[in-house]
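Beneath this line is the structure, given in structure tokens, with notes to follow.
The values are calculated or read from the model by the stated rules, or taken from the named source; none is laboratory data. This one's a predicted model, so the numbers in the text were calculated from it and none came from an experiment. Positions of Cβ are backbone-derived with ideal geometry, glycine not excepted, and every protein chain shown enters the neighbour counts. For the accessible areas, the whole protein counts, side chains as well, though only heavy atoms, and no ligand, DNA or RNA atoms are used. Shrake-Rupley method; radii C 1.70, N 1.55, O 1.52, S 1.80 Å.
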Amino acid sequence: MPQKKSLAPELVLSSAPHVKAGQSITSIMWMVVLALMPATLYSVYLYGIHALLVICVAIIAAVASEALYLFLMKKPVTILDGSAVITGLLLAMNVPPDVPLWTVGIGSAFAIIIAKQLFGGLGFNIFNPALAGRAFLMASWPVYMTTKWHTFTPTNVLSQGITNITDMPEQAFDVVTQATPLGALKEVPKLLSDLHVLPDMLHNLLFSKEMLKSLFVGNVGGCIGETSALLLILGGLFLLYKRIITWHVPAMYIGTVVIFMYCYYSLSGFPYPVEATVYHVFSGGLMLGAFFMATDMVTSPVTWKGMLIFGAGCGILTCVIRLWGGYPEGVSYSILLMNTAVPLIDRYTKPRIFGTRA
Amino acid sequence: MAFNTFIGGIHPPENKHLTEDKAFSNLSIPQLCYIPMQQHVGKPANPIVEVGDTVREGQLIGLSDGYISANVHASVPGKVVEIGRYPTLYSKEGVCVVIEAQGAFSTSGKILDEEQWESLTALDLINRVAEAGIVGLGGAAFPTHVKLQPPRKRQIDTLIVNGSECEPYLTVDDMLMQTHPSEIIEGVRVALKILGITQAFIGIEKNKPKAIQALEERLTAISIPEKITVAPLKVKYPQGAEKQLIHSILKRNVPSGGLPMDVHVVVQNVGTIFAIREAVVLRKPLFERFITVTGEIVKKPGNYKARLGTRISDVIEECGGLTEKPGKIIMGGPMCGIAVDTIEIPVVKGTSGLLFLKNEEIQVSQYRPCIRCGRCVAVCPAGLMPFELVNAIEKGRYDLVEPSNPFDCIMCGSCAYCCPSKRPLNHFIRMAQEKLHKKHKQ
Ligand code: SF4
Ligand code: SF4
């Protein structure tokens, strides 16, 4: 029969398996972008048009650098896979809201070209490109990267947490209102000793229920993407639900920080150990880092065991930097440091081959 | 046993609904039967008929050649019209005996005599199995009489019957267990006698409750000296892979590089067990088998009994044709089956099903670099790091490939199934295995 003959040439020959799971690089990447949207939009609402511009510039610069590099290298231009978009977006989320636009542009280009493409492109980079870009900006323009915070004056959101501002030394007030929450927390010893702020006043100033709530919801200063722990957690849960990330890294990372910080503050006689721990967990970049950056597949370990070690390592390093380092924040450096340990972790956490003994 | 399962594995969509309620029906006898001399692992059989000969149904036409080989029988009565080379599942030019159907059928439609097999010796039984040309019907097609005679120094204590049917789409084993529980149990008893043991487990995934029930009911209704137990298993692919099955049921781990007999186990597929019974009790050689013909574009998907040597084109016609042109035709299931490039290929002993996929159902996309997501590592039931192995293979770094245990890969395809970069991981590993085999031979 003639119709039988014509069947054959169109038959696709390929090796098993003939069915594949739905997720692809592209779908994963865009899903991550989607998961970051609530926190991103909230930041724009909070910080205004400049934050939006920062985000746009970061993304456009990242995608353009990727396209240009791939084009010049005569490789397939795969910008639609969304990976450069994530790099740009994450970089934007890791800079202060008032940073000059050209700095983020340069940061994005660095992230894509130096940290990603020169290592061999998608899948071969050792460092999380966005974090490498941020580190580069920190090293090159530290002033922009550490002072361009939104200043919350007593009349705006932060003030809602402060119920009693009388009797407060002016300087103390400046300290807590001009910096990020973690910056303020780092000043606490100074407040207590030099400025003679009483623990009670400290409570009103920094550790009241309202204040802690603001931290969680996100009415505080910080980098563009790190303000609202709540929205970041929602995004993270979405990724967990979609099985794009597993619980291992975020749970271990956050868990380690909780335990480490609580132990530190209780043992060191700090008057408000629980509250201080809440600061460390819900403010700063921990949620963003734990759910969106430490989970970057390319730069984190491949086995669950390895992921647990990686998460714990990130947690410990974050605590160490925050408590004893020069910066109030340590999430991005810890992740970068742990990125370098990934090959080693991978080597020692290989799964056991079926039918062999440990 | 609370944890009847193994480590790793995946949950692909089962897609068994197309055929799971379809009782067996016979495909009609094709005009021309193309019977390959190679339908098994090992050496092809030697044709012992000549063009012009008239053959009976079930007559021996290909004689097993050597220890690892199997007999081949005429699937239909008729005249040998040609002995030539045609495309088969295993070769582009496999020797086939072409029989034009004519004359009387000695078995079809007639009930064969049941023989008292219990008085036969194990040797008699194994000879009957070997004569009947039985091979593993799950797909591997390893000669069954060889598998049932492990070297003496390997003490065997348990027979595991593989009724897990973890491949998506396929439902033949399920239907067989539902409709022929007594025959399967008798077959298990024959196999146990051959092996000289008394303990057997029938492993069935829990998504086949009717099969489990049918066998369990039958087992409680009869009294037999052997200890045969149904073991319901967690639904997870590749539950039916030998080593994983043994682990799920007995918690024994076949050593890396070893065989089931190293842990005192022999595994047989339920279809094979059924064929063993037919060979021994009915003295019927293996010339037909049950297959699932399925896919959204098949007009009458179902479970059919097909004569070996029936070409795909005839099967399509028998199943009412296709609603649209297929993009891919797979012999076997979607996870382990083989895509064929012509519908002239005949059904062979290892064909458990025919799956027709339409163009939209085929996922052929360019694969991309590994993004180290770790999914292949998490699902690999062999405990390998497929991505690392394949990165080394891709770079041609065979010095790194060998220490990464490529031969522990059971080719289940779980890694490639879940890879977001769509990397054909097991394909690369198979290539590496072949390359290393060649290297070692030199
Ligand atoms: S590497 Fe082999 S055994 Fe492991 S998942 Fe892939 S195909 Fe299966
Ligand atoms: S599943 Fe694919 S992308 Fe993920 S680690 Fe394995 S090979 Fe790489």
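Restricted to segment A:74-99, and to residues there that are part of a helix (DSSP H, G or I) and away from chain B (no Cβ under 14 Å), the residue that is nearest to A:Phe292 (Cα to Cα) is A:Leu90.
Only one of the numbered conditions (1) more than 7 Å from every other protein chain (Cβ to nearest Cβ); (2) within 16 Å of ligand 1 (Cβ to nearest atom) is violated by B:Asn359, and that is (2).
Counting only strands (runs of 3 or more DSSP E) wholly contained in segment B:302-356, the ones carrying 3 or more residues that are more than 20 Å from A:Val19 (Cα to Cα) occupy B:302-307.
For segment A:279-309, residues that are within 12 Å of chain B (Cβ to nearest Cβ) and closer than 15 Å to A:Leu336 by Cα total 8.
So that you can scan it fast, the table gives a plain yes or no per residue for (1) open to solvent by less than 20 Å² (accessible area, probe 1.4 Å); (2) under 23 Å from the mean Cα position of the chain (by Cα); (3) within 14 Å of chain B (Cβ to nearest Cβ); (4) modelled with pLDDT under 95:
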site: A:Met1; (1), (2), (3), (4): no, no, yes, yes
site: A:Lys5; (1), (2), (3), (4): no, no, yes, yes
site: A:Leu11; (1), (2), (3), (4): yes, no, yes, yes
site: A:His18; (1), (2), (3), (4): yes, no, yes, yes
site: A:Leu36; (1), (2), (3), (4): yes, yes, no, no
site: A:Tyr47; (1), (2), (3), (4): yes, yes, no, yes
site: A:Ala51; (1), (2), (3), (4): yes, yes, no, yes
site: A:Cys56; (1), (2), (3), (4): no, yes, no, no
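The residue of segment B:262-274 that is farthest from B:Met177 (Cα to Cα), among those that are within 14 Å of chain A (Cβ to nearest Cβ) and either open to solvent by less than 40 Å² (accessible area, probe 1.4 Å) or small (Gly, Ala, Ser) (or both), is B:Val263. Evaluated against (1) of a type in the set (S, T, N, Q); (2) under 18 Å from the mean Cα position of the chain (by Cα); (3) open to solvent by 60 Å² or more (accessible area, probe 1.4 Å), A:Ser332 falls short on exactly one condition, (3). When you look at A:Ala312, is it small (Gly, Ala, Ser), over 19 Å from A:Ile245 (Cα atoms) and either surrounded by 20 or more Cβ atoms within 10 Å (Cβ to Cβ) or more than 14 Å from chain B (Cβ to nearest Cβ) (or both), yes or no? For A:Ala312, the condition - small (Gly, Ala, Ser), over 19 Å from A:Ile245 (Cα atoms) and either surrounded by 20 or more Cβ atoms within 10 Å (Cβ to Cβ) or more than 14 Å from chain B (Cβ to nearest Cβ) (or both) - is not met.
Looking at A:Met211, A:Met287, A:Met252, A:Met261 in this structure, which one is crowded, with 21+ Cβ neighbours inside 10 Å, more than 30 Å from A:Tyr47 (Cβ to Cβ) and either basic (Lys, Arg) or away from ligand 2 (no atom under 16 Å from the Cβ) (or both)?
Numbers: A:Met211 fails: more than 30 Å from A:Tyr47 (Cβ to Cβ); A:Met287 fails: more than 30 Å from A:Tyr47 (Cβ to Cβ); A:Met261 fails: more than 30 Å from A:Tyr47 (Cβ to Cβ).
After ruling out the rest, the residue left standing is A:Met252.
Residues that are in contact with a Phe, Trp or Tyr (Cβ under 7 Å, 6 or more places away or on another chain) and away from ligand 1 (no atom under 13 Å from the Cβ) within segment B:240-260 comprise B:His247, B:Ser248, B:Ile249, B:Asn253, B:Gly257, listed in sequence order.
Can you name every residue in segment A:290-309 that is of a type outside the set (S, T, N, Q), within 16 Å of ligand 2 (Cβ to nearest atom) and buried (at least 24 other Cβ atoms within 10 Å of the Cβ)?
At the first step, the residues of segment A:290-309 found to be of a type outside the set (S, T, N, Q) are A:290-294, A:296-298, A:301-302, A:304-309.
Now restrict to residues that are within 16 Å of ligand 2 (Cβ to nearest atom): A:296-298, A:301-302, A:304-307.
Once the filter is applied, which keeps residues that are of a type outside the set (S, T, N, Q), within 16 Å of ligand 2 (Cβ to nearest atom) and buried (at least 24 other Cβ atoms within 10 Å of the Cβ), segment A:290-309 yields A:Asp296, A:Pro301, A:Val302, A:Gly306, A:Met307.
Go through segment A:320-358 and count every residue that is among the aromatic types (Phe, Trp, Tyr) and more than 13 Å from every other protein chain (Cβ to nearest Cβ). So the count comes out to 3.
A quick yes/no check of all residues on (1) of a type outside the set (A, V, I, L, M); (2) buried (at least 20 other Cβ atoms within 10 Å of the Cβ):
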residue	(1), (2)
B:Asp174	yes, yes
B:Thr179	yes, no
B:Val190	no, yes
B:Gly203	yes, yes
B:Lys206	yes, no
B:Ile212	no, yes
B:Lys227	yes, no
B:Ile249	no, yes
B:Gly257	yes, no
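Name the single residue that is farthest from the other protein chains (Cβ to nearest Cβ) among those in segment B:397-416 being closer than 22 Å to A:Ser14 by Cβ and open to solvent by 20 Å² or more (accessible area, probe 1.4 Å). Per the stated criteria, the residue is B:Cys409. The residue that is nearest to ligand 2 (Cβ to nearest atom), counting only those in segment B:419-442 that are part of a helix (DSSP H, G or I) and open to solvent by less than 10 Å² (accessible area, probe 1.4 Å), is B:Leu425. Tallying residues that are more than 7 Å from chain A (Cβ to nearest Cβ), buried (at least 24 other Cβ atoms within 10 Å of the Cβ) and of a type in the set (Val, Ile, Thr) within segment B:318-340 yields 0.
Checking each residue in segment B:362-377 for being open to solvent by less than 40 Å² (accessible area, probe 1.4 Å) and either more than 7 Å from chain A (Cβ to nearest Cβ) or hydroxyl-bearing (Ser, Thr, Tyr) (or both) picks out only B:Cys376. When every residue of segment B:389-408 is checked against the conditions, at least one turns out to be within 8 Å of ligand 1 (Cβ to nearest atom) and under 24 Å from the mean Cα position of the chain (by Cα).
Quick one: in segment A:345-358, of everything that is among the hydrophobic types (A, V, I, L, M, F, W, C) and over 15 Å from A:Leu308 (Cβ atoms), which residue is surrounded by the most Cβ atoms within 10 Å (Cβ to Cβ)? Lay out the reasoning, then the answer.
Filtering segment A:345-358 for residues among the hydrophobic types (A, V, I, L, M, F, W, C) gives A:345, A:353-354, A:358.
Still in the list and also over 15 Å from A:Leu308 (Cβ atoms): A:353-354, A:358.
Numbers: A:Ile353: 18, A:Phe354: 24, A:Ala358: 3.
Among those that are among the hydrophobic types (A, V, I, L, M, F, W, C) and over 15 Å from A:Leu308 (Cβ atoms), it is A:Phe354.
Being in contact with a helix residue (DSSP H, G or I) (Cβ under 9 Å, 6 or more places away or on another chain), at pLDDT 90 or above and open to solvent by less than 60 Å² (accessible area, probe 1.4 Å), is that true of even one residue in segment B:71-91? Yes, there is a match, as at least one residue in segment B:71-91 is in contact with a helix residue (DSSP H, G or I) (Cβ under 9 Å, 6 or more places away or on another chain), at pLDDT 90 or above and open to solvent by less than 60 Å² (accessible area, probe 1.4 Å). Taking residues in segment B:412-432 that are free of Cβ contacts under 8 Å to residues at least 60 places away in the same chain, and partners anywhere that are charged (D, E, K, R) and more than 6 Å from ligand 2 (Cβ to nearest atom), the pairs with Cβ atoms closer than 6 Å and at least 6 places apart or on different chains are B:Ser421/B:Arg368. Filter segment B:378-388 down to the residues that are crowded, with 24+ Cβ neighbours inside 10 Å and within 9 Å of chain A (Cβ to nearest Cβ), then identify the one that is farthest from ligand 1 (Cβ to nearest atom). My answer is B:Phe387. Taking the criterion of being β-branched (Val, Ile, Thr), within 13 Å of ligand 2 (Cβ to nearest atom) and either closer than 20 Å to B:Pro255 by Cα or not in a helix (DSSP H, G or I) (or both), the residues of segment B:368-418 that qualify are B:Ile371, B:Val377, B:Val379.
Kindly establish whether A:Ala115 is surrounded by 22 or more Cβ atoms within 10 Å (Cβ to Cβ), under 20 Å from A:Leu288 (Cβ atoms), more than 14 Å from chain B (Cβ to nearest Cβ) and hydrophobic (A, V, I, L, M, F, W, C). Walk me through it before giving the result.
Values: surrounded by 22 or more Cβ atoms within 10 Å (Cβ to Cβ): yes; under 20 Å from A:Leu288 (Cβ atoms): yes; more than 14 Å from chain B (Cβ to nearest Cβ): yes; hydrophobic (A, V, I, L, M, F, W, C): yes.
Yes.
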